[in-house]
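Q: Have a look at this one.
The values are calculated or read from the model by the stated rules, or taken from the named source; none is laboratory data. Predicted, not measured: the structure shown is a model, and the values here were computed from it. Glycine also receives a Cβ, built like all others from the backbone with ideal geometry; neighbour counts cover every protein chain displayed. We work out accessible area using only protein heavy atoms, side chains counted, and drop any ligands, DNA or RNA first. Shrake-Rupley method; radii C 1.70, N 1.55, O 1.52, S 1.80 Å.
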Amino acid sequence: MKPFLRSFRFAFAGVAYALRTQRNARVHVVVACLVIAAGIYFQISAIEWAMLALTIGFVFSAEMLNTVAELAVDLLTQHYHPMAKVAKDVGAGAVLVAAIAAVGVGVAIFGPRVGAMFK
């Protein structure tokens with residue numbers, strides 16, 4: 001049982017590292033908190049909560065995987081290499097795609113509610 005519990009400690013250390021060192025990870029957490037507050041305010045449904053939870057997890061996971069890619073590339077080479085740049089750019093692109101998808105989910109859930117406030 002101890003190795004199993006220890007694996008959680010390592011996982012939480014990874015999350016803490018990302019939050020401590022990656023500005024965009026902290027931005028994602030702030031946005032996630034705002035989205036959660038909006039969900040509470042608008043009293044969204046259980047299915048909408050599930051969609052938001054998956055979306056928030058998806059974006060944060062993409063950010064963490066991008067961090068892994070950047071660290072691995074930096075570990076392998078200290079010199080500029082075109083493939084290193086591509087690896088980092090693709091990782092950043094994955095986060096961008098996840099964030100755009102998250103905006104789509106947010107618009108689908110909150111758009112009608114916000115629109116109704118201005119009618």
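Q: Being closer than 25 Å to residue 109 by Cβ and charged (D, E, K, R) is the filter here, so list the residues in the stretch 31-80 that pass it.
A: Correct list: 48, 63.
Q: Scanning the stretch 61-92 for residues that are of a type in the set (S, T, N, Q) and over 19 Å from residue 25 (Cβ atoms), which turns out surrounded by the most Cβ atoms within 10 Å (Cβ to Cβ)?
A: Ranking the qualifying residues of the stretch 61-92, first place goes to 77.
Q: In this structure, does residue 95 turn out to be within 19 Å of the chain's Cα centre (by Cα), within 16 Å of residue 68 (Cα to Cα) and either surrounded by fewer than 11 Cβ atoms within 10 Å (Cβ to Cβ) or not acidic (Asp, Glu) (or both)?
A: yes
Q: Name the residues in the stretch 23-60 that are under 9 Å from the mean Cα position of the chain (by Cα) and either modelled with pLDDT under 95 or open to solvent by less than 60 Å² (accessible area, probe 1.4 Å) (or both), would you?
A: Selection gives 25, 28, 29, 32, 55, 56, 57, 59, 60.
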